[in-house]
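Okay, so here's the structure we're looking at.
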Amino acid sequence: MRVEHRGRSPRIDPAATVAPGAIVSGDVVIEAGARILHGAVLTAEDGEVRVGRESVVLEHAVIRGRAGHPAVIGEHVMVGPHAHVNGASVGDRAFIATGASLFPGAVVGEGAEVRVNGVVQVNSTLEPGAVVPIGWVAVGSPARILSPDRHEEIWAIQRGLDFPGTVYGVEVSAGMDELMRGQSSFYAAHDDDRIVDEQP
């Protein structure tokens, strides 16, 4: 389904495929040969989403564009099922496996791999060709790649990356009531969405 959001409609190359049941919302560009499979959600909340030539976004992946953090998927990229790419940039020929999570401001270099359930933290840069092993975390710029049991080391780096400000636009001291009040107001923009067509 194609959805107009914030006055912007998706632009899908005729040589691309969007499977039935996928949702493409707002300022989304899908280039020739790209394939968006069942249940995937590409949503340009207030920043662009771009999927490059011959890239594949598999079932139930979420790709979200944010203000100041567009979601850019390069050419010949695989985005696995249930992956989450939120305001991140993914270089050509990268592999984003099942359940991987990329946060706003993250950059995944050309040919890099983020394996099953791997994480690239907010404002972190994964070098070209680097590999995040299954379940591990890339954090910092350039990223250090750490196993999840090294939480104290991950947090020592992540603390300076401004997760609350980058993802939610709030100070680190903000409580959940303030954070969710802002998020509720932000997502209310979907009240004005308009379905462009049921199946692109």
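Taking the Cα centre of the chain as origin, sum charge times position over the Cβ atoms of Lys and Arg (+1) and Asp and Glu (-1), and report the length of that vector in debye to the nearest 20.
The dipole of the chain has a size of about 240 debye.
How much of the DSSP bridge set in segment 2-197 is antiparallel, in percent, rounded to the nearest 5? Mind dumping the intermediate values first?
Values: 8 of 52 bridges.
Percent antiparallel among DSSP bridges in segment 2-197 is about 15.
With r as the distance between the Cβ atoms of R150 and V170 and R0 = 35 Å, compute the FRET efficiency 1/(1 + (r/R0)^6) and round to 0.05.
After rounding to 0.05, the efficiency reads 0.80.
Of G52, H69, P164, which is farthest along the charge dipole of the chain in the positive direction, counting Lys and Arg as +1 and Asp and Glu as -1 at C-beta?
Among G52, H69, P164, the one farthest towards the positive end of the dipole of the chain is G52.
Read-outs: derived from the displayed coordinates by stated rules, not from any lab. Keep in mind it's a predicted model, so treat the numbers as computed, not measured. All Cβ positions, even for glycine, are placed from backbone atoms using ideal geometry, and neighbour counts span all protein chains on display.
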